[in-house]
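What follows is calculated from the coordinates using simple rules that are stated; it is not laboratory data. Fair warning: this is a prediction, and the values are worked out from it, not measured in the lab. With ideal geometry, Cβ positions are generated from the backbone for all residues, glycine too; neighbour counts draw on all protein chains shown.
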Amino acid sequence: MPEFWHYFIARLTPATLGGSLGSALTHMYGPAFFFILAITTINQLPPLIMWFVFMARPRAFDPPANPGFRPLVSVIVPGRNLGKNIATTIDSVLQAGYENIEIIYADDNSTDDSASWARTFESTGKVKVFASEKHHGKPVTINIALAFAQGELIFVLDGDSDIEPGTIDALVAYFQDERVGAAVTNLLIKGHSLLTYLISMEFSLTGTLGRIWRAPFDILRMLPGPSTMFRATALRSIGCFDPGLGDDTDITLRLRKAGWHLRYVSTHCVRTDCPSNLRGLLKQRNRWARGMMKVRFNKHFDFGHPRYGGNSTLLWCEFVVQTIMSLRGLQTILFFVFATIFVRSDIVIPIYGLNVLFILIKALIANDLTGYPRFRHFWLVILYPAYLLPIRLAVECGIVRELLRIKPYHPYVPKRIWEQTPYH
Amino acid sequence: MVPLAIKARSSLSSYGRRLFEVLQMVQQDGGVIKPEWYPAHPRGYVYRGTAGALKGEDLADDLEWLAHREYLDRTFFERIVHCARCSSHSLNTREVCPSCKSADLRSVELLLHYRCAHIAPIHEFPLEDRGRRCPKCHCLITGLGTDHDIPTLRYSCNQCKSVFPLPEIGTVCMGCGAQYAGAEHESLVPQNIVFYRIAPLGLDALKHLGYA
């Protein structure tokens, strides 16, 4: 090894990069150790408690009983260049078992035959198709569809997503409570590749488990774009969607600020598409992170104000801690990738093993509560920390880029609309 | 049946003579006879005779007889549809509500404000001296295409109160009142209208009998 590398690596010890995980292990019981302990507790403890609750009361997470509440549900399906897939989505809604629905497919200026596929369902009398002559982006397309929606409830479903039978019934049941403004379902990933199984596992371990323990305390962080049901009056009272990145985080915070309660259905799921390769996935996560930062940092930094309730304050604190943690996380990742992995395998391997153990526990909890991830995919927990590494990097890059306001434009929204919107 | 052309002129029946007169009339009119729109006729059009005893008569059956035996050629002129129930050509086609099939519709322009993505009927954006005011973000809207757009019309039905982006095409028969909408239009009976042109066999027949 060249002498330069000897010199370089000799100084890349955990002690020189104080504050990182390596430092925490070196200086056991130092501040970094407690920091990591706190993060681990936040990640592991709530799902564990919820699991105990579930074991004591197995029906604790079921939707409320619904003897006869059947309002008109407008299912809004925004989409662009979905081709034949839109037919699968619309068909899944028609087969979902809820009769009192209207489906509005809002085509965002597709260059393929998506609108024609959707129009084949018009003869059912339940499907309306709006085909835009200009590309507007998803939030605006949803708003256009909302102008035609007559339902008391609005179910926004991505054009590349399918729902299980009974999903609409389960969601509708929560809206018997007049204070509920929105409800979400489980999200799963379509596809049969190693990457899609890993993404599906990630959705179960982070999204699903997180929502299960957050929902009872009304501290859901985000209503996912692919499948959320809204009360029409709640949505219209806040002016529907705003344009720009992070539309799902934005609508969540605006509903929360307006005092609406948010609910979660763990018994049913929506299957959605995801990027088919790692490059696409990293770009997607980078966009999500940027959207989240734009909305929470630039637009709604006041969402933790006590006037919005104690749970909002709690969420705000979590956001701040998480942002700091992300930046610390970046430091840790860099340390492991560039230093420890080569010279301190005695540290890396036990930590990796510990991570796998924690993930395995979460996978068991998630499987017991929702049936996902499937047991046959449990072996993927060995790869899971390695899968998360590039994703964390993509997320960190997105966060840093937004904090430093580097090239703020993203083609998620057309430029003519982007230039008019505030909160870049 | 014995072809007209091989019969002697004197041996023709009265109907045969009439057909030759029709052929002769067509030839004298430039070799072509075109249909004439005539809404009062159950068929909606007639082939009117222009000379002699045939003047003013509808010659459609005679022309079809001659065309069937290749004395005349048919050329497409127009397509007309008839009611499946009463065969009337008098059909009224208009935009109708996709839900209740009523023609009692109204439409309104939707305005999209780029800044806040607010979309509403244009009259909900109050008009001021320098433009319109957005009711969501309270910003002034001034330039079409710059800060706002009119992405679509919104139709609403005055009967069933439903709203929709595109009305359906509906047809009502003015003869019997039958209604057709959407896929029901396939039950309407289409008919091609043609104009007739003298065929070589027709010219031979006229020549043989000394009409040409």
Note down the magnitude of the dipole of the protein assembly as shown about its Cα centre, charges +1 on Lys and Arg C-beta and -1 on Asp and Glu C-beta and zero elsewhere, to the nearest 20 debye. 1300
Residue by residue through the range A:133-143, the couplings from Karplus 6.51 cos²θ - 1.76 cosθ + 1.60 with θ = phi - 60°, in Hz, x for Gly and Pro, are 8, 10, 7, 10, x, 4, x, 5, 4, 5, 4
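Dividing the Cα radius of gyration by the Kirkwood radius, what Rg/Rh value follows for the range B:23-129? Show your work: numbers first, answer last.
Values: Rg = 26.0 Å, Rh = 19.2 Å.
Result: Rg/Rh = 1.35.
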Bin width 10 Å, origin at 0, all Cα-Cα pairs of the range A:149-189: what percent of pairs per bin? 22, 58, 19, 1
Dividing the surface of the Cα convex hull of the range B:58-209 by four yields a projected area in nm² of 15.6
Please enumerate, by chain and number, the lysines with C-alpha under 19 Å from the C-alpha of residue B:55, excluding those fewer than 8 residues away in the same chain. B:34
For chain A, build the charge dipole from Cβ charges (+1 Lys, Arg; -1 Asp, Glu) around the Cα centre, then report which of A:94, A:216, A:400 sits farthest towards its positive end. A:400
Under-5 Å amide H pairs with residue A:228, H placed in peptide plane, nonlocal only: A:156
Under a plain spin-label model, where a point goes 7 Å from the Cα along Cα-to-Cβ, how far apart in nm are residue A:354 and residue A:383? 2.6
Taking just the alpha-carbon atoms of the range B:130-194, what radius of gyration and Dmax come out, in angstrom? 21.0, 62
Around residue B:116, with a cut-off of 10 angstrom between Cβ atoms, what is the net charge of the other residues, counting Lys and Arg +1 and Asp and Glu -1? +1
Packing rank of B:122-134, A:293-305, B:154-166, A:263-275, where each peptide gets the mean count of other beta carbons within 10 Å, highest leading: A:263-275, A:293-305, B:154-166, B:122-134
Mind listing the long-range amide H neighbours of residue B:91? Cut-off is under 5 Å, sequence gap 5 or more, other chains count too, H placed in the peptide plane at 1.01 Å from N. B:174
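Step through the table entries A:134/A:190; A:128/B:136; A:126/B:101; A:283/A:407, compare each Cα-Cα distance with 19 Å, and write down the pairs that go over it.
With Cα atoms farther than 19 Å apart: A:134/A:190; A:128/B:136.
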Bin width 10 Å, origin at 0, all Cα-Cα pairs of the range A:153-272: what percent of pairs per bin? 14, 47, 32, 6, 0
Find which of B:89, B:108, B:77 sits farthest along the positive direction of the dipole of the range B:70-119, computed with +1 on the beta-carbon of Lys and Arg, -1 on that of Asp and Glu, about the Cα centre. B:108
Over 14 Å, how big is the tail of the calculated P(r) for the range A:198-255, in percent of all Cα pairs? 62
Projected-area average for the range A:80-228 over all orientations - Cα convex hull basis, square nanometres: 9.7
Give the distance, in whole Å, between the Cα centre of the range A:135-201 and the Cα centre of the range A:306-327. 26
Just to confirm my numbers, what's the Cα centroid distance between the range B:153-212 and the range A:353-392 in Å? 66
Averaged over its residues, how many other protein chain Cβ atoms are within 10 Å of peptide B:118-128's Cβ atoms? 2
Aspartates and glutamates near residue A:294 by alpha-carbon distance under 18 Å, same-chain residues fewer than 8 away left out - which ones? A:242, A:247, A:248, A:250, A:302, A:318, A:396, A:402, A:419
Dipole magnitude of the range A:120-236 about its Cα centre, charges +1 at Lys/Arg Cβ and -1 at Asp/Glu Cβ only, in debye to the nearest 20? 280
For the protein assembly as shown, the Debye formula with one identical point scatterer on each Cα and no solvent gives log10 I(q)/I(0) at q = 0.05, 0.07, 0.08 Å⁻¹ as -0.38, -0.61, -0.71
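In the range B:1-131, what % of DSSP beta bridges are antiparallel (nearest 5)? Present the calculation step by step, with values, prior to reporting the outcome.
Details: 7 of 8 bridges.
In the range B:1-131, approximately 90 percent of DSSP beta bridges are antiparallel ones.
To check you understand DSSP bridge types, tell me what percent of the beta bridges within the protein assembly as shown (both residues inside) are antiparallel, rounded to 5.
On the way: 52 of 79 bridges.
Within the protein assembly as shown, antiparallel bridges account for around 65 percent of the total.
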With label points set 7 Å from each Cα along the Cα-to-Cβ direction at residue A:112 and residue A:406, the distance between them in nm comes to 3.4
Please report the equivalent ellipsoid semi-axes of the range A:245-301, computed as sqrt(5 x eigenvalue) of the Cα gyration tensor, largest first, in whole Å. 24, 20, 6
Could you tell me the convex hull volume per residue, in Å³, taken over the Cα atoms of the range B:44-100? 148
Other protein chain Cβ atoms within 10 Å, averaged over every residue that makes up A:134-144: 4
May I ask which residue of B:201, B:185, B:156 lies farthest towards the positive end of the charge dipole of chain B, with charges of +1 (Lys, Arg) and -1 (Asp, Glu) on Cβ and the Cα centre as origin? B:201
